[in-house]
1. Can you go through 90, 163 and tell me which one is more than 26 Å from residue 14 (Cβ to Cβ) and either touching a residue at least 60 places away in the same chain (Cβ under 8 Å) or loosely packed, with under 15 Cβ neighbours inside 10 Å (or both)?
2. Kindly indicate whether residue 135 is surrounded by 11 or more Cβ atoms within 10 Å (Cβ to Cβ), at pLDDT below 85, touching a strand residue (DSSP E or B) at 6+ places or on another chain (Cβ under 8 Å) and closer than 24 Å to residue 85 by Cα.
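The values are calculated or read from the model by the stated rules, or taken from the named source; none is laboratory data. Not measured: the values here are computed from a predicted model. Don't worry about glycine lacking a Cβ; one is built from the backbone with ideal geometry, like all the others, and counts go over all protein chains shown.
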């Protein structure tokens, strides 16, 4: 049995990309809805928003003052904690490989696959770290390999998969 930990960088990259998408979308919708030049009649908006206009106007003016690039970054930041929680729920935090099964512990649950469901294995090097990427029943699992675990992992994999992976 080999226990591997999933790198936090996987969760950070996923969370950052989702937060970026949400921030850009929010910025573009705000600009499309209110326009580039804010020229709203304060009385009409005050009636519908019940005094919230002053804060809304200040927020829109701030986004306009920052410009498109920094405006999108500023609108993406509030989404990051929520997207990180989602990424932690989607990406496994720990992967356990035995000779018969692969178990992945996610944010709230543990999922188990039989070794026969393993489709492919890839090994990847990034600077001084080594990673294993498992494709199991259409789901991709990525984990960091600690020094000295290559042989133990290779011994647990089915022979045909280990040969394809080039181990």
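1. On the way: 90 fails: more than 26 Å from residue 14 (Cβ to Cβ).
Matching residue, one of 90, 163: 163.
2. On the way: surrounded by 11 or more Cβ atoms within 10 Å (Cβ to Cβ): yes; at pLDDT below 85: no; touching a strand residue (DSSP E or B) at 6+ places or on another chain (Cβ under 8 Å): yes; closer than 24 Å to residue 85 by Cα: yes.
It is false that residue 135 is surrounded by 11 or more Cβ atoms within 10 Å (Cβ to Cβ), at pLDDT below 85, touching a strand residue (DSSP E or B) at 6+ places or on another chain (Cβ under 8 Å) and closer than 24 Å to residue 85 by Cα.
This table checks each residue for (1) closer than 30 Å to residue 22 by Cα; (2) loosely packed, with under 14 Cβ neighbours inside 10 Å.
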{"position": "71", "(1), (2)": "yes, no"}
{"position": "82", "(1), (2)": "yes, yes"}
{"position": "94", "(1), (2)": "yes, no"}
{"position": "144", "(1), (2)": "yes, no"}
{"position": "159", "(1), (2)": "no, yes"}
